[in-house]
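The structure under discussion appears below in the form of structure tokens.
The numbers here are math on the coordinates, done by the rules we state, and not lab data. For clarity, every value in this text was computed on a predicted model and none was experimentally measured. Cβ placement follows ideal geometry from the backbone for every residue including glycine, while neighbour counts extend to all protein chains displayed.
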Amino acid sequence: MAVQKKPAGKSPVKIIPAKKIPAKKALAKTTALKTTGKKAVNKIASKTSAKAKETPQPARKKTSRGPVPLSPHLKTIELKGKTIYLLGTAHVSRASEEEVSRVIAALKPDGVAVELCASRHESLTNPDKWRQTDLFQVVRRGQAGLLLAHLVLSAFQRRLGEQLHIRPGAEMIRAMEEAKKHKAHLELADRDVQITLRRTWRALGWRDKWRLTLELVSSLVGTPQLSAEEVEAMKGADLLSQVMEEFAAHFPAAKRTLIDERDAYLAHKIAHTPGRRVVGVVGAGHMAGILPRLHHPASAEEMAELEKNPPPSHWGKLFTWGLPAMVLGMIAYGFLGIRPEAGWEMVKTWVLVTGTLGALGAAAALAHPLTIVSAFLAAPITTLHPLLAAGWVAGLVEALVHKPRVADFETLPTDVTTFRGFWRNGIVRVLLVVTLTNIGASLGTFLGIPLLGKIIG
């Protein structure tokens, strides 16, 4: 059949039966059309070829060990006696994993620096390390909140990785494997995650702490569904800059400790990685912050400061010790300045408010009944002592009456990826008991003080 071309803006294509066109004539038209189309293609190809010959082509950069693979995520920095190749990756991207292999295999560097600290390196290379976790020590040292926050962040990244069928941090594992394969020095270039979390939490104000806590909890409920293309788009500098700027606008103090300080730390470690040719593998979001700092890395004194656990602020110390002193003073005034009945009424109010809210926090974590009772009894006392916390008492009781099983350690990496799993896993439940009991007792403190004032007034 012969087909008539559709004029622009007119009726649909009209099909004319072939029998109305003589066979010879139809064949001639078809041959002419093919010939014309072929000539047009040849003409365009000739023009393109001629233009290519006229345009000078840039010389391809080569090294003594082969050509450097072209990549939009690879930056080359020349320092004194050293060449650094900085590769930006997405932490849940299969393409990034493959790109790491290509770059290291082509460059054969003397050193490979990865965005990992010692503890994160161990968690990637030794997934069973959770079995060695001493929950009693975690609770006694007051590290339950930090460990819980780390689990929440890991769970969010793990869920993204499950969508793309890739293990989070796979590109870092690949970088370590390639470094070993090519006998390159491996540099763990990131700051310890516990120090980063402590500095971040200490830098936040009370309002930001509550907001960030809510953000972390909400991340347990759902994870955005991202395609592989969308994850790869996250590696673009413009998009990541927008995300960083938005994060900085909401949590400027957290942005400083989570991003800016780590950029300076990573740049120093990468710049001082042994070898004349070094490949640095970092998240794409750190590229913009690391690149300018490579030419002026942090000094030894600045690095020592970045590795410190920040001491409490003067206002924090005043608040920590001043608040219990104020409550005790109000109760003492009730006994001595008003009448004993008023003092006992204040004691009863304090016990009921702080104890009830502390117990509700433990109950929200689905704690054992004995744990809930211990939270109720501990909260009125620990809220008046700056060095104690109701959550520590409740957490230790929960760990004793509901001892975590071996299965809890084995299923921990997968349980933390679901809202239900967080409350079902015995290990995470202990951490939740500590955290939620402390939150409840703190709320009781802020609600109890105005009630004591009403009794006095």
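Arranged by the count of other C-beta atoms within 10 angstrom, fewest first, what order do Val397, Val114, Val278 take?
Neighbour counts put them in this order, fewest first: Val397, Val278, Val114.
Rounded to the nearest 20 debye, what is the charge dipole size of the stretch 314-456 about its Cα centre when +1 sits on each Lys and Arg Cβ and -1 on each Asp and Glu Cβ?
In debye, rounded to 20, the stretch 314-456 gives about 80.
Can you tell me the order of 317-323, 265-271, 82-88 when each peptide is scored by its average per-residue count of other Cβ atoms within 10 angstrom, highest first?
The peptides rank, most packed first, as 265-271, 82-88, 317-323.
Tell me, His296, His121 in order of fewest to most beta-carbon neighbours within 10 Å?
His296, His121
Normalising by the residue count of the stretch 314-456, find the relative contact order in percent from Cα pairs under 8 Å and 6+ residues apart.
33 percent
Return Ser299, Ser96, Ser119 ranked ascending by Cβ neighbour count within 10 Å, so the fewest neighbours appear first.
The most exposed by this proxy come first: Ser299, Ser119, Ser96.
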